[in-house]
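Undergrad: Structure in structure tokens, see below.
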Amino acid sequence: MNFDLTDRCKDYLLRVQAFMDERIYPAEAVYERQMEASGDPHFHPPVLEELKDEARRRGLWNLFHPHEEWGPGLTNAEYAPLAELMGRSLHIAPEAMNCNAPDTGNMEVLTLFGTDEHKDKFLRPLLDGEIRSAFAMTEPHVASSDARNIEMSIVRDGDEYILNGRKWWASNALHKNCRVLIVMGKTNPGGPPQRQQSMLVVPIDTPGVTILRGLPVFGYQDRVGHAEIDFDNVRVPATALLAEEGDGFAISQARLGPGRIHHCMRAIGMAERALELMCDRAQSRVTFGQSLSERSNIGDWIAESRIDLEMIRLLTMKTAWLMDTVGNRHARVEIAAIKVAAPQVALKIVDRAIQVHGGGGVSDDFPLASMYAQLRTLRMADGPDEVHKRTITQHELRKHEPTPVGRDEDARTATAAI
């Protein structure tokens, strides 16, 4: 494994760092003022459009997209340090550079599985930052961590599909510019478990699509929103289908692999910023005649945070390298491992920083409380910890299964190493 940054990556890293220092961090206070003045938790502050224009001018646009036809074609290992920087200002930086979830995953789905019509109507405007999108898979009445449980009905009726069901946690659906949903449901309930589902592209203003509410996260109404949506006899043309009927489960797996590691990259950025805030606070506050930084427990927290951060960064880079070299399927254990480890470690670091900040840590005067809510939620987004641990457990147990008769030792060893 070689984690040396390529020259291309180093160039982008310097440019993204300059953009963060010169424009993103100074814009955070402006963003907060504009949001507060609007009185609307889902307001789209003008400063974001200004930042998007500047990012395009600087060539810092669609950095996530691995396909050179649509983006710079960076590898996962090249994109990782860039996404980490964006994670330091999660409400602003990813969207300013058109690298925000869930749009990144939706754009990759449309790239890989969309028709020419889908690409012209939705992918190009998404890549241009003109519209936003949401992914509607999770449902309130079933355990959606097992995608086979999805109950939404999708029925073919001549040249149309009819959708009926309820979705929730459709992130981005309350964004002022959200125009399209990628929806997963069942077209063949009696088929094989992983061939029952399909995905459709559904404009958000289609008759029968009703946004019922925005779901709060630990009391926060995120600007992009997490919507509960009702689909009541929603009709879309048959051309709305992505790939073929029954491909929905496979598409979801293709989408979630890159999305999961992107989340982890940004989580590391949040944790790095939390550690910086913890150190600054520890050195500036005095209790009982000593600065907080001189307290042994605070020193331990700082040291342990640095150790933890380096460990998850290395695991993230290993995962990115494997995705680039052997593909997402063969990196599935590492993807699962980092999706468990990164949010947990980042959450622990943010929690320490909150403690060092005292009452200020749980207020909105610092970004820590918001980071905590985001990271705690990330332990469930794109699959809860338990699902990813199950993947790892199954992989480990397979290494110790009895060797079938006639299977030689070399074959057994090779399989265990995959």
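To keep it simple, each residue is scored yes or no on (1) in contact with a Cys (Cβ under 9 Å, 6 or more places away or on another chain); (2) surrounded by fewer than 23 Cβ atoms within 10 Å (Cβ to Cβ); (3) under 18 Å from LEU242 (Cβ atoms); (4) basic (Lys, Arg).
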{"residue": "ALA143", "(1), (2), (3), (4)": "no, yes, no, no"}
{"residue": "ASP146", "(1), (2), (3), (4)": "no, yes, no, no"}
{"residue": "TYR161", "(1), (2), (3), (4)": "no, no, yes, no"}
{"residue": "GLY165", "(1), (2), (3), (4)": "no, yes, yes, no"}
{"residue": "ILE182", "(1), (2), (3), (4)": "no, no, yes, no"}
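Undergrad: Which one is nearest to LYS176 (Cα to Cα) among residues in region 79-104 that are buried (at least 24 other Cβ atoms within 10 Å of the Cβ) and among the small types (Gly, Ala, Ser)?
TA: The selected residue is ALA96.
Undergrad: Checking the conditions here, which among ALA341, ALA346, ALA320, ALA337 is closer than 19 Å to ARG398 by Cβ and either in contact (Cβ under 8 Å) with a residue 24 or more places away in the chain or of a type outside the set (A, V, I, L, M, F, W, C) (or both)?
TA: On the way: ALA341 fails: closer than 19 Å to ARG398 by Cβ; ALA346 fails: closer than 19 Å to ARG398 by Cβ; ALA320 fails: closer than 19 Å to ARG398 by Cβ.
The match here is ALA337.
Undergrad: Inside region 184-213, can you point out the residues that are in contact with a strand residue (DSSP E or B) (Cβ under 6 Å, 6 or more places away or on another chain) and either loosely packed, with under 14 Cβ neighbours inside 10 Å or more than 19 Å from GLN253 (Cβ to Cβ) (or both)?
TA: Hits for region 184-213 are VAL202, PRO203, ILE204, THR206, GLY208, VAL209, THR210, ILE211, LEU212, ARG213.
Undergrad: Consider region 349-387. How many of its residues are assigned to a loop (DSSP other than H, G, I, E, B) and either without any contact (Cβ under 8 Å) to a residue 12 or more places away in the chain or under 26 Å from ASP146 (Cα atoms) (or both)? Talk me through it step by step, then tell me what you get.
TA: Of all residues in region 349-387, those assigned to a loop (DSSP other than H, G, I, E, B) come to 363-367, 379-384.
Applying the additional criterion that residues be either without any contact (Cβ under 8 Å) to a residue 12 or more places away in the chain or under 26 Å from ASP146 (Cα atoms) (or both) yields 363-365, 379-384.
Result for region 349-387: 9.
Undergrad: Sticking with this one: Of everything in region 237-266, what is open to solvent by less than 10 Å² (accessible area, probe 1.4 Å), closer than 19 Å to LEU110 by Cβ and in contact with a Ser or Thr (Cβ under 6 Å, 6 or more places away or on another chain)? Give them in sequence order.
TA: GLY248
Undergrad: Got a number for residues in region 1-25 being exposed (fewer than 12 other Cβ atoms within 10 Å of the Cβ) and either under 23 Å from the mean Cα position of the chain (by Cα) or assigned to a helix (DSSP H, G or I) (or both)?
TA: Taking region 1-25 and keeping what is exposed (fewer than 12 other Cβ atoms within 10 Å of the Cβ), we get 1-2, 4, 7, 14, 21.
Next, from what is left, pick out any that are either under 23 Å from the mean Cα position of the chain (by Cα) or assigned to a helix (DSSP H, G or I) (or both): 7, 14, 21.
Here the count works out to 3.
Undergrad: Since VAL345 meets every condition but one in (1) farther than 27 Å from LEU256 by Cβ; (2) among the β-branched types (Val, Ile, Thr); (3) open to solvent by 20 Å² or more (accessible area, probe 1.4 Å), which condition does it not meet?
TA: The single condition VAL345 does not satisfy is (1).
The values are calculated or read from the model by the stated rules, or taken from the named source; none is laboratory data. Everything numeric in this text was worked out from a predicted model, so none of it was measured. No Cβ is skipped: glycine too gets one built from the backbone with ideal geometry, and neighbour counts run over all protein chains shown. For accessibility, only protein heavy atoms count, side chains too; no ligands or nucleic acids. Shrake-Rupley method; radii C 1.70, N 1.55, O 1.52, S 1.80 Å.
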